[in-house]
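Notes for the one structure printed next.
The values are calculated or read from the model by the stated rules, or taken from the named source; none is laboratory data. From a predicted model like this one, the values you see are computed outputs, not experimental measurements. Heads up, the Cβs are rebuilt from the backbone with ideal geometry, glycines too, and the neighbour counts pull from every protein chain shown.
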């Protein structure tokens, strides 16, 4: 289901272009993952599930410099947008999702079955153990920032692999997960093409008179500024972990949960 290397590069690069921003800004919606409370404060809504992700920033010293730069970009984006339009995620939760598994209502239904979480962890542990030898190529997999992208309910940074080997490594992991019949038996299947990204924030209050053209120009200028920087770091996808989440701000695991070194 996932793209070839060149098709991926072309597709994701288009998401960061000014014309894509202008088009997508016409369709943005308030994210149901957050809401404004009676006092005007942002409240996080329940959104439980499991994913295979890279370690969040708080647990990933290898990519601290990259995430520091991303935090600076996040602050610039929030400052440039109308107040309340973008609800920033906690920077310490920055990560790359390698394989979505199960979430929200589908997870709640599945979790009602006896031992579902344990069955899921066992299946992922077996998959990661079997695929690990093919993933350890000895060549670090670096991904670089392509630019800001507007999604229906969020603003993110799109990533592109620095070489085809880095891309094939992630695809091999995803194939091992999504083509596993035991995992399919738990109701887990691939629903999206890979679009490697890091979410900066979700849309909150969207004014009726929102200046979409002005925002598009602002984001395009930010893109140009950041991509022209000579010291922009790349993110090293060196580890994949099964993580659970109760909402979109915190991803956690127990010490014995499945991991694989990339």
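Some values worked out for this structure:
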{"item": "Some residue of segment 134-154 being over 22 Å from the mean Cα position of the chain (by Cα), buried (at least 21 other Cβ atoms within 10 Å of the Cβ) and not in a loop (DSSP other than H, G, I, E, B)", "result": "no"}
{"item": "Pair list, Cβ under 7 Å, 6 or more apart: segment 6-21 residue without any contact (Cβ under 8 Å) to a residue 24 or more places away in the chain, other residue in a helix (DSSP H, G or I)", "result": "14/20"}
{"item": "Counted residues, segment 74-133 - those being in a loop (DSSP other than H, G, I, E, B) and touching a strand residue (DSSP E or B) at 6+ places or on another chain (Cβ under 7 Å)", "result": "5"}
{"item": "Residues (farther than 23 Å from residue 163 by Cα and in contact with a strand residue (DSSP E or B) (Cβ under 6 Å, 6 or more places away or on another chain)) located in segment 253-262", "result": "253, 257, 258, 259"}
{"item": "Whichever residue in segment 232-249 is modelled with pLDDT under 95 and under 21 Å from residue 46 (Cβ atoms) and, among such residues, is surrounded by the most Cβ atoms within 10 Å (Cβ to Cβ)", "result": "248"}
{"item": "Condition check for residue 74: touching a residue at least 40 places away in the same chain (Cβ under 8 Å) and within 27 Å of residue 167 (Cβ to Cβ)", "result": "yes"}
{"item": "Scope segment 181-219; condition closer than 22 Å to residue 104 by Cβ, without any contact (Cβ under 8 Å) to a residue 12 or more places away in the chain and not in a loop (DSSP other than H, G, I, E, B); matching residues", "result": "184"}
{"item": "Residue 64 being more than 16 Å from the chain's Cα centre (by Cα), within 18 Å of residue 141 (Cβ to Cβ), in a helix (DSSP H, G or I) and free of Cβ contacts under 8 Å to residues at least 24 places away in the same chain", "result": "yes"}
{"item": "Residue in segment 146-156 that is touching a strand residue (DSSP E or B) at 6+ places or on another chain (Cβ under 9 Å) and more than 27 Å from residue 225 (Cα to Cα) present", "result": "no"}
